[in-house]
1. Given charges of +1 on the Cβ of Lys and Arg and -1 on the Cβ of Asp and Glu, with all other atoms neutral, how large is the dipole of the chain about its Cα centre, in debye to the nearest 20?
2. For THR132, THR13, THR138, give the ranking by accessible area with the largest first, probe 1.4 Å.
3. To the nearest 0.05, what FRET efficiency results for ASP54 and GLU89 with a Förster distance of 30 Å applied to their C-beta separation?
4. Quick one: how many lysine pairs does the chain have with C-alpha atoms less than 24 Å apart and a gap of 8 or more or different chains? Give me the count, please.
5. Calculate, in whole percent, how much of the Cα-Cα pair population of the stretch 1-46 lies beyond 12 Å.
6. For the chain, what mean projected area does the convex hull of the alpha carbons give, in nm²?
7. On alpha carbon coordinates alone, what is the Rg over Rh value for the stretch 1-86, Rh being the Kirkwood radius?
8. Taking 0.36 nm per residue of separation and subtracting the Cα-Cα distance, what length does fully extending TYR120 through GLN14 add?
Amino acid sequence: MQFRFYTFSELDTQTLYEILAHRFEIFVLGQGNIYRDLDGFDQKALHLVARDEDGVIQGYVRLLPADLHYDGYNANAFGRLSVKEGAREKGLGSQLVRLACEKLLQDNECKVIQISAMAYLEHFYQELGFVTVSEIFTIADVPHITMLYKGR
């Protein structure tokens, strides 16, 4: 698996298209979740893409520094974590989260990561060092929880 970080300006049209198609496949087609994907944060975010040996995107995550106040948080965040169905259960999601956390904590003065995680992934994130700090709430009719990460 090849991992690469991109700023928005580094994304060529083909790569941007592939990222948006990947997110649509995972969240809209795969989960039936109709939501506003194009929310204005992509242009300021860092994008982590995982490609297989054939160059096909298998995983993705969007990194957001604290000063963007993503989801209203005053901390670093990431979102749109997604892994293609055929690549699941192989540790790719964990690799993406670890790389995203390392990059966010390395590149930003803020040393906390706060995310709105889908509630069914609570245990997954806890195994990676996140702590649950909220009750369940909904975003686009999907149960979520707020979780914090301060490094290991």
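The values are calculated or read from the model by the stated rules, or taken from the named source; none is laboratory data. The structure displayed is predicted, hence computed values, not measured ones. Every residue, glycine among them, receives a Cβ derived from its backbone with ideal geometry; neighbour counts consider all protein chains shown. Accessible surface is based on the protein model in full, side chains and every heavy atom, while ligands, DNA and RNA are left aside. Shrake-Rupley method; radii C 1.70, N 1.55, O 1.52, S 1.80 Å.
1. Working: 15 positive and 21 negative charges, 64 e Å.
Here the size comes out at about 300 debye.
2. Numbers: THR132 40, THR13 120, THR138 95 Å².
From most exposed to least exposed: THR13, THR138, THR132.
3. In this case the efficiency is close to 0.95.
4. Working: LYS44/LYS103; LYS44/LYS111; LYS44/LYS150; LYS84/LYS103; LYS90/LYS103; LYS103/LYS111; LYS103/LYS150; LYS111/LYS150.
So the count of such lysine pairs works out to 8.
5. Values: 704 of 1035 pairs.
When all Cα pairs of the stretch 1-46 are counted, 68 percent exceed 12 Å.
6. Numbers: hull surface 34.4 nm².
So the Cα hull casts an average projection of 8.6 nm².
7. Working: Rg = 12.8 Å, Rh = 13.4 Å.
Here the Rg-to-Rh quotient is 0.96.
8. On the way: separation 106, 0.36 × 106 = 38.16 nm, distance 3.24 nm.
Length difference between fully extended and current span is 34.9 nm.
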